[in-house]
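Have a look at the structure below before the remarks.
The values are calculated or read from the model by the stated rules, or taken from the named source; none is laboratory data. Predicted model only: the values in this text are computed from it and were never measured. A quick note on method: Cβ atoms are made from the backbone with ideal geometry, for glycine too, and the neighbour counts reach across all protein chains shown. Surface accessibility is based on the protein's heavy atoms, side chains included, excluding ligands, DNA and RNA. Shrake-Rupley method; radii C 1.70, N 1.55, O 1.52, S 1.80 Å.
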Amino acid sequence: MPATSIDIPLQAYLVLAAILFCTGVWGLINSRNAVRVLMSIELMLNAVNINLMAFSSYIDGQQIRGQVFAIFVITVAAAEAAVGLAILLSLYRNRETVDMERFNLLRW
Amino acid sequence: MTIASVTQLVCFIALSLTLVLGALGVVLLPNIVYSAFLLAGVFLSVAGLYLLLNASFVAAAQVLVYVGAVNVLILFAIMLVNKKEAMAEIPGLLLRRVLSGGVCLGLFLLILRVDLTTPWAVPGPTPLGDDSTVLIGIHLFSDYLLPFELASVLLLMAMIGAIVLARRDVFSSDVITGEAADQGLIEKERTPLLLESTAGETTLLEKV
């Protein structure tokens, strides 16, 4: 029995990741709540991870460098979430809102 | 088709449906607590996809880091900033949503075209299967040693940075208006811990 199924094509994983990434982009642009923006970023990072893992399993099956990269992406995502939520807390303490439309201090 | 491949196909379809519906729910649901729990579902189904791809170590890391740490962190952030506020109406919000939806759809079609028309070199070499965890360890301690050590430094920086940023008593006044910030928004008003402890210490010292 082959270790990876040939029945599920590689393209299925890629299309799935594309759907997830575009959903994340839409949420990133349109969310009013700052916490939801962070969630959308996590969705996009997961989509990238699915791509890395699919290529690693289908094309680079003996070296699996994609899995190592996915682990690094997970590490960076964890750091990003911690710092992002800390920034959000500090922002909320100073502006008393989580509405993205009112975080306009750096607008020209 | 053997039973194994049918099972794999059914698992893949179920996980894909959970993933797509969960992601749409995360983005579209008005209640953000529901979004956070759906995000946990999305992370779990991504971990299931990793298991389908014979990557048990990364699936375990996904469950531990994303569901166990990131999602709990997001839930805590929601609880800490959960003030009911009526978001002010913005003119042209619907137009903006439709436009950005069009842009995202165009991006999706672009990626879809690349995905489906590129002649990928599949099937590549035979996948490793269960030996992948061993090989990840070998990679991390040989040719990816420098990124591995840099990741530890990055995590330390993120930890210290998060503590410094989220400390409660850093800013006592609003940086914009200069008036005193309402610290009671984060926690209920109470007497500071430091005064209580020093008072207790002095009474203890007097007794001695």
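If the Cβ limit is 8 Å and pairs must be 6+ apart or interchain, which residue in region B:138-151 that is facing another protein chain (nearest Cβ under 10 Å) pairs with which residue that is open to solvent by 90 Å² or more (accessible area, probe 1.4 Å)?
Pairs that qualify, where the first residue is facing another protein chain (nearest Cβ under 10 Å) and the partner is open to solvent by 90 Å² or more (accessible area, probe 1.4 Å), are B:139/A:65; B:148/B:141.
Just to be sure, is residue A:48 under 21 Å from the mean Cα position of the chain (by Cα), open to solvent by 30 Å² or more (accessible area, probe 1.4 Å) and within 20 Å of residue A:9 (Cα to Cα)?
Yes, satisfied.
When you scan region B:33-60, how many residues do you find that are part of a helix (DSSP H, G or I) and either among the β-branched types (Val, Ile, Thr) or open to solvent by 20 Å² or more (accessible area, probe 1.4 Å) (or both)?
Final tally of qualifying residues: 14.
From B:26, B:65, B:6, grab the single residue that is within 10 Å of chain A (Cβ to nearest Cβ) and touching a Ser or Thr at 6+ places or on another chain (Cβ under 6 Å).
B:26
Kindly establish whether residue A:23 is under 21 Å from residue B:31 (Cα atoms) and either part of a helix (DSSP H, G or I) or free of Cβ contacts under 8 Å to residues at least 60 places away in the same chain (or both).
So residue A:23 passes the test.
For residue B:5, state whether it is among the polar types (S, T, N, Q), assigned to a helix (DSSP H, G or I) and either in contact with an Asp or Glu (Cβ under 9 Å, 6 or more places away or on another chain) or buried (at least 18 other Cβ atoms within 10 Å of the Cβ) (or both).
yes
Among the residues of region B:117-133, which ones are more than 7 Å from chain A (Cβ to nearest Cβ) and either in contact with a Phe, Trp or Tyr (Cβ under 9 Å, 6 or more places away or on another chain) or modelled with pLDDT under 80 (or both)?
Listed by number, the residues that qualify are B:130, B:133.
Evaluate region B:78-92: report whether one residue or more is touching a helix residue (DSSP H, G or I) at 6+ places or on another chain (Cβ under 7 Å), assigned to a helix (DSSP H, G or I), closer than 30 Å to residue A:76 by Cβ and without any contact (Cβ under 8 Å) to a residue 40 or more places away in the chain.
No.
Please tell me if residue A:45 is at pLDDT 95 or above and facing chain B (nearest Cβ under 7 Å).
On the way: at pLDDT 95 or above: yes; facing chain B (nearest Cβ under 7 Å): no.
Here the answer is no, as residue A:45 does not meet what is asked.
Those residues that are out of contact with any strand residue (DSSP E or B) (no Cβ under 9 Å at 6 or more places or on another chain), facing chain B (nearest Cβ under 7 Å) and either surrounded by fewer than 22 Cβ atoms within 10 Å (Cβ to Cβ) or among the hydrophobic types (A, V, I, L, M, F, W, C) (or both), I need them from region A:22-37; list them, please.
Scanning region A:22-37 gives A:22, A:25, A:26, A:29, A:30, A:35.
Looking at (1) part of a loop (DSSP other than H, G, I, E, B); (2) loosely packed, with under 13 Cβ neighbours inside 10 Å; (3) at the interface with chain A (Cβ under 9 Å from one of its Cβ atoms), which is the one condition that is false for residue B:114?
Single failed check for residue B:114: (1).
Looking at region A:49-59, which of its residues are out of contact with any helix residue (DSSP H, G or I) (no Cβ under 6 Å at 6 or more places or on another chain) and either at positive phi or not hydrophobic (A, V, I, L, M, F, W, C) (or both)? Give the steps one after another, and end with the answer.
Here is the first cut: in region A:49-59, the residues out of contact with any helix residue (DSSP H, G or I) (no Cβ under 6 Å at 6 or more places or on another chain) are A:57, A:59.
Correct list: A:57 only.
Conditions tested, residue by residue: (1) at the interface with chain B (Cβ under 7 Å from one of its Cβ atoms); (2) buried (at least 20 other Cβ atoms within 10 Å of the Cβ); (3) assigned to a loop (DSSP other than H, G, I, E, B).
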{"residue": "A:7", "(1), (2), (3)": "yes, no, yes"}
{"residue": "A:39", "(1), (2), (3)": "yes, yes, no"}
{"residue": "A:57", "(1), (2), (3)": "yes, yes, no"}
{"residue": "A:62", "(1), (2), (3)": "yes, no, yes"}
{"residue": "A:67", "(1), (2), (3)": "yes, yes, no"}
{"residue": "A:73", "(1), (2), (3)": "no, no, no"}
{"residue": "A:82", "(1), (2), (3)": "yes, yes, no"}
{"residue": "A:91", "(1), (2), (3)": "no, no, no"}
